[in-house]
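The values are calculated or read from the model by the stated rules, or taken from the named source; none is laboratory data. Fair warning: this is a prediction, and the values are worked out from it, not measured in the lab. FYI the Cβ positions are ideal-geometry reconstructions off the backbone, even for glycines, and counts take in every protein chain you see.
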Amino acid sequence: MNIIGPDALVFGVDDVDACSQYLTDYGLQPTGDGRFEALDGTCVIIRADDDPRLPPAIGPAPSIREIVYGVGDAAALEAIAAELSKDREVRRGEGGSVHADDDSGFHLSFALTTRRPYTAPADLTNAPGHPPQRGPNLLGINWDMKVEPRTLSHVVLFVPNMEQAEAFYVNRLGFRLTDKFIGVGPFLRPAGTEDHHTLFLIQTPPFMKGVEHFTFHMGSGTEVLLAGTRFEAKGYTTFWGPGRHYFGSNWFWYFNSPLGCHVEYDADMDLHDDTWEARHRPPGADNSQLFLFTAREKWFPSGPPPKGGAH
Amino acid sequence: MPVPSDIPGAPAPGQDPDSPRTPLCALDTLPPVGQARGFDPVKSGRDTVFALRRSDGVRVYRNHCPHQGVPLEYRKDRFLSGDGQRILCYAHGAHFEADTGLCTDGPCRGMSLASLPLVIEDGWLYLAVAPDSPLLR
Ligand code: FES
Ligand SMILES: [Fe+2]
């Protein structure tokens with residue numbers, strides 16, 4: 001089934017203004033009616049939690065209300081509708097869109113992808129031993145360089161039963177397992193993309209069910225660092241990062257958010273095809289981050305502030 | 001041990017070991033009910049406590065979620081729900097009663113934020129905690 005990945009994430013929130021400000025500061029473009037878009041048109045949609053257009057909530061606001069998957073062709077839509085109709089209620093909407101719940105109770109919809117073609121520059125590297133990518137007088141960075149989220153990368157769900165949740169996406173929707181944290185959860189890739197994962201599932205107690213985080217791809221590790229630094233300078237709170245993951249090789253920087261989940265910047269994720277064999281590893285810092293920097297607001301030429309306060 | 005404080009006009013705290021004091025702010029600079037403010041009273045590099053007004057007085061809590069021990073706010077001073085009536089941890093969405101710090105929903109349900117003892121004197125809000133207390137780091 002030619003599912004490309006999430007095209008939109010729809011949230012019901014208690015503070016629409018705070019979320020709108022947040023997503024704009026994060027770097028998405030407000031395009032009206034609660035929609036905040038990346039360069040390719042993938043987006044986050046913010047609505048008041050009592051908005052009648054929203055599917056029912058699975059937890060207190062703010063929370064995820066719908067995950068919209070973009071599919072590559074109309075045949076895939078029909079195949080998804082036929083497959084899911086076997087054991088659950090499926091509703092058809094505008095343009096043939098398919099609406100159903102996954103096995104954990106998350107509301108999904110599938111529609112022809114709205115991703116637009118776009119071009120954006122790569123971060124060129126001069127590595128000794130390799131032909132230079134930036135010739136003489138081409139600068140790698142400058143103060144006012146633009147860094148914009150390019151495309152919706154992945155969403156991470158807390159689920160009460162990860163085996164059941166994984167089986168649904170693999171057996172019913174044709175996702176493939178790329179890697180797995182033993183006892184914690186699988187990284188999953190739908191058939192329409194080579195990205196290491198567009199979905200990661202984490203086993204948690206049932207009352208935590210919801211989105212753990214989502215992220216958009218930035219152009220490079222440099223862009224993750226620059227966007228995160230600017231975001232932090234606006235007063236936003238780092239949760240984890242910046243660093244680089246082991247599974248997927250992607251750079252990461254996670255922030256707290258008023259959407260009820262973390263929001264990440266990521267970049268430079270591995271690509272895989274069907275010849276890849278999934279790695280199974282225990283979770284833990286060694287396997288989740290190759291390296292980690294801790295952002296520090298204050299830094300003194302003589303070294304970090306003394307431990308234990310002033311004396 | 002002098003208290004590191006850059007609050008203009010703050011009275012010298014004077015450390016009496018029996019009644020430790022760490023100054024936070026002039027009381028009239030605290031925002032109204034429905035908003036909160038973070039403080040970094042010992043210059044640790046981030047806001048380690050936050051204060052809010054309630055109808056019956058001021059509360060100060062340690063900015064340290066009982067779930068994973070991380071800061072709660074998503075942005076400078078944004079510790080409360082949209083309606084200003086609850087404290088939220090913006091890491092995984094735990095909800096806390098503003099009056100008591102008790103977690104009523106989320107991964108640390110039943111646990112509480114550390115509420116810090118405070119003293120109000122001559123219009124100043126102090127924590128009744130020594131500046132070298134680990135609670136302030
Ligand atoms: S750290 Fe606060 S809810 Fe998880
Ligand atoms: Fe991620």
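Inside the stretch A:36-65, can you point out the residues that are without any contact (Cβ under 8 Å) to a residue 40 or more places away in the chain and either over 16 Å from residue A:263 (Cβ atoms) or part of a helix (DSSP H, G or I) (or both)?
Of everything in the stretch A:36-65, those that are without any contact (Cβ under 8 Å) to a residue 40 or more places away in the chain and either over 16 Å from residue A:263 (Cβ atoms) or part of a helix (DSSP H, G or I) (or both) turn out to be A:47, A:48, A:49, A:50, A:51, A:52, A:53, A:60.
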May I ask you to list pairs of residues, at least six apart or on different chains, whose Cβ atoms are under 6 Å apart, with the first in the stretch B:123-137 being under 14 Å from residue B:19 (Cα atoms) and the second being among the small types (Gly, Ala, Ser)? B:132/A:309
Please work out which one of (1) within 16 Å of ligand 1 (Cβ to nearest atom); (2) free of Cβ contacts under 8 Å to residues at least 60 places away in the same chain is the condition residue A:211 fails and give its number. (2)
Pairs, please: C-beta under 6 Å, at least 6 apart or cross-chain, first residue within 11 Å of chain B (Cβ to nearest Cβ) and in the stretch A:10-26, second assigned to a helix (DSSP H, G or I) and buried (at least 19 other Cβ atoms within 10 Å of the Cβ)? A:13/A:19
Hey, residue A:262 hits all of (1) within 10 Å of ligand 2 (Cβ to nearest atom); (2) more than 10 Å from every other protein chain (Cβ to nearest Cβ) but one; which does it fall short on? (2)
Quickly run through the stretch B:85-115 and pick out the residues that are away from every other protein chain (no Cβ under 14 Å) and either closer than 18 Å to residue A:258 by Cβ or crowded, with 20+ Cβ neighbours inside 10 Å (or both). B:98, B:113
Being more than 19 Å from the chain's Cα centre (by Cα) and basic (Lys, Arg) is the filter here; which residues of the stretch A:125-174 pass it? A:134, A:146, A:172
Subset of the stretch A:67-108 [crowded, with 19+ Cβ neighbours inside 10 Å and of a type in the set (Asp, Glu)]: A:102
Look at residue A:120 and say whether it is over 24 Å from the mean Cα position of the chain (by Cα), of a type in the set (A, V, I, L, M, F, W, C) and more than 20 Å from residue A:199 (Cα to Cα). no
I'd like the residue in the stretch B:1-32 that is β-branched (Val, Ile, Thr) and in a loop (DSSP other than H, G, I, E, B) and, out of all such residues, is modelled with the lowest pLDDT. B:3
Checking the condition within 16 Å of ligand 2 (Cβ to nearest atom) and at negative phi, which residue from A:189, A:115 passes? A:189
Pairs please, first residue from the stretch A:144-155 and under 21 Å from residue A:190 (Cα atoms), second anywhere and of a type in the set (Lys, Arg) and away from ligand 1 (no atom under 16 Å from the Cβ), Cβ atoms under 9 Å, 6+ apart in sequence or on different chains. A:151/A:115; A:152/A:115
So, first residue over 10 Å from residue A:15 (Cβ atoms) in the stretch B:69-89, second residue within 16 Å of ligand 2 (Cβ to nearest atom) and assigned to a strand (DSSP E or B), Cβ within less than 7 Å, six or more apart or across chains; the pairs are B:70/A:239
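Quick check on residue A:231: is it hydrophobic (A, V, I, L, M, F, W, C) and within 14 Å of ligand 2 (Cβ to nearest atom)? Outline the logic, then answer.
On the way: hydrophobic (A, V, I, L, M, F, W, C): yes; within 14 Å of ligand 2 (Cβ to nearest atom): no.
Spelling it out, it is not the case that residue A:231 is hydrophobic (A, V, I, L, M, F, W, C) and within 14 Å of ligand 2 (Cβ to nearest atom).
Determine, yes or no, whether residue A:224 is outside any loop (DSSP other than H, G, I, E, B), within 14 Å of chain B (Cβ to nearest Cβ), within 12 Å of ligand 2 (Cβ to nearest atom) and in contact with a strand residue (DSSP E or B) (Cβ under 8 Å, 6 or more places away or on another chain).
Details: outside any loop (DSSP other than H, G, I, E, B): yes; within 14 Å of chain B (Cβ to nearest Cβ): no; within 12 Å of ligand 2 (Cβ to nearest atom): yes; in contact with a strand residue (DSSP E or B) (Cβ under 8 Å, 6 or more places away or on another chain): yes.
Against the criterion (outside any loop (DSSP other than H, G, I, E, B), within 14 Å of chain B (Cβ to nearest Cβ), within 12 Å of ligand 2 (Cβ to nearest atom) and in contact with a strand residue (DSSP E or B) (Cβ under 8 Å, 6 or more places away or on another chain)), residue A:224 does not qualify.
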Residue count, the stretch B:90-122, condition farther than 30 Å from residue A:234 by Cβ, touching a helix residue (DSSP H, G or I) at 6+ places or on another chain (Cβ under 8 Å) and without any contact (Cβ under 8 Å) to a residue 40 or more places away in the chain, comes to 1
Since residue A:217 meets every condition but one in (1) away from ligand 1 (no atom under 16 Å from the Cβ); (2) over 23 Å from residue A:45 (Cα atoms), which condition does it not meet? (2)
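Residues are listed down the side, and each one gets a yes or a no for (1) outside any loop (DSSP other than H, G, I, E, B); (2) surrounded by 20 or more Cβ atoms within 10 Å (Cβ to Cβ); (3) not basic (Lys, Arg):
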{"residue": "A:153", "(1), (2), (3)": "yes, yes, yes"}
{"residue": "A:158", "(1), (2), (3)": "yes, yes, yes"}
{"residue": "A:163", "(1), (2), (3)": "yes, no, yes"}
{"residue": "A:171", "(1), (2), (3)": "yes, no, yes"}
{"residue": "A:192", "(1), (2), (3)": "no, yes, yes"}
{"residue": "A:197", "(1), (2), (3)": "no, yes, yes"}
{"residue": "A:201", "(1), (2), (3)": "yes, yes, yes"}
{"residue": "A:219", "(1), (2), (3)": "no, yes, yes"}
Residue B:91 - would you say it is within 16 Å of ligand 2 (Cβ to nearest atom), among the aliphatic types (A, V, I, L, M) and in contact with a Leu (Cβ under 9 Å, 6 or more places away or on another chain)? yes
Within the stretch B:37-61, can you find the residues that are touching a helix residue (DSSP H, G or I) at 6+ places or on another chain (Cβ under 8 Å) and either over 18 Å from residue B:129 (Cα atoms) or within 12 Å of chain A (Cβ to nearest Cβ) (or both)? B:41, B:42, B:44, B:48
Tell me which of these residue A:231 doesn't satisfy, since it passes every other one: (1) without any contact (Cβ under 8 Å) to a residue 60 or more places away in the chain; (2) surrounded by fewer than 23 Cβ atoms within 10 Å (Cβ to Cβ). (1)
If you go through the stretch A:154-172 one residue at a time, do you hit one that is over 30 Å from residue A:82 (Cα atoms) and among the charged types (D, E, K, R)? no
